[in-house]
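Notes for the one structure printed next.
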Amino acid sequence: MKLGEEDGNMRRTSSFGENLLPRVAGKLDVSQISDIIQIKSPDTFVRTLYAGKIICTVKCEEKVKVFSVQGTAFETAATSGGNASVENAPTISPVGLSEWLHQTLLKNDWPHLTSAKSVVCGGLGLKTRENFKLLYDLAEQLRASVSATLAAVNAGFVPKDLLVGERGKNKTPKLYVAVGISGFMQHLAEIKDSKTIVAINEDPEAPIFQVADLGIVADLFKVVPELTELLKKKR
Ligand SMILES: Cc1cc2nc3c(=O)[nH]c(=O)nc-3n(C[C@H](O)[C@H](O)[C@H](O)COP(=O)(O)OP(=O)(O)OC[C@H]3O[C@@H](n4cnc5c(N)ncnc54)[C@H](O)[C@@H]3O)c2cc1C
């Protein structure tokens, strides 16, 4: 979108958007509004705070509105048929501080995390990178995507692009299976709105059970292979 008077500037809430938008807002000398989930009028927005724990309505009186949206809160827009004009952005000469070398796209056979209908997510309870194989086996039977908590990503069990939660890919799948995950609010961000949440944790007091539709209090190393075998027999 063009930056100028009376224009809005929007990006999906993502690490790229979170990096870019505050800079755009700073350059324009306006306040940024993050994580909107509803547009009530041209200057009034509903946004989330504290990983979705608080929902507030804010009025923005800036002439240029800079805001990020939570993609899953809105219907997919049609890519044709609108009446907005499309203008080519001006070419900007590099300032020479950094250089684009290459980009590597990870390729795998799993459904993409942001579009998967079912997601199997692993936490620190998996204990090692190798043990994540249990989740890939289960995900294969469920035709699900595999994801992880920040703690599991930081421990090096899986790459960062599988992160789910406040700092990762936000998604509201139909089925969300949480394995060895405590369920802190930063992880649950949008996940808590999934249609069905299944939690496997050996600690009956784990907060994940407060949002789970189906809770299994058990050792994941016993339950997950059993579940995978049962699903294999069903197919
Ligand atoms: C500003 C901020 C942003 C954050 N953003 C994110 C984010 O985007 N995403 C995110 O995930 N986190 C985020 N976090 C971290 C979050 O608060 C939690 O610390 C993290 O999600 C915990 O990960 P975990 O559940 O894997 O680990 P833990 O909290 O250590 O939980 C591990 C669980 O595994 C269970 N377990 C252990 N062994 C077994 C077994 N054999 N069988 C069954 N269960 C077992 C334990 O009972 C425990 O409940 C953020 C934190 C902050 C401060």
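Laboratory data are not the source of any read-out in this text; all were calculated from the coordinates shown. Note that this is a predicted model, so its numbers are computed, not measured. In this analysis, Cβ positions are derived from the backbone assuming ideal geometry, glycine residues included, and neighbour counts consider all displayed protein chains.
Points to keep in mind about this one:
- Rg/Rg_globular for the chain, with Rg_globular taken as 2.2 N^0.38 Å and Rg from C-alpha atoms: 1.18
- For PHE221 and LYS53, a Förster radius of 41 Å and the Cβ-Cβ distance give a FRET efficiency of 0.80, rounded to the nearest 0.05.
- Tilt relative to the chain, helix 15-28 - C-alpha long axis, 0 to 90 degrees, to 10: 20
- Normalised per residue, the volume of the convex hull around the Cα set of segment 118-234 (Å³): 87
- Each peptide among 86-93, 119-126 gets the average number of other Cβ atoms lying within 10 Å of its residues, and from highest to lowest they stand as 119-126, 86-93.
- The amide H of ILE36, built 1.01 Å from its N in the peptide plane, has SER68, VAL69, GLN70 as neighbours under 5 Å, considering only residues 5 or more places off or on other chains.
- In the chain, taking the dipole from charged Cβ atoms about the Cα centre, the farthest positive-side position among VAL69, SER182, LEU142 is held by LEU142.
- Only Lys, Arg, Asp and Glu carry charge here, each on its Cβ (+1 for the first two, -1 for the last two); on that basis the chain has a dipole of about 500 debye about its Cα centre.
- Here the spin labels are modelled as points 7 Å beyond Cα on the Cα-Cβ line, and at LYS27 and ASP213 they lie 4.4 nm apart.
- Charge tally for ALA178 (other residues, Cβ to Cβ under 12 Å; Lys, Arg +1; Asp, Glu -1): 0.
- Dividing the convex hull volume of the alpha carbon atoms of segment 175-235 by its residue count gives 76 Å³ per residue.
- Which of SER118, SER80 has the fewest Cβ neighbours within 10 Å, and the rest in rising order: SER80, SER118
- Computed log₁₀ I(q)/I(0) - Debye formula, equal Cα scatterers, no solvent, segment 113-167, q 0.13, 0.25 Å⁻¹: -0.27, -0.96
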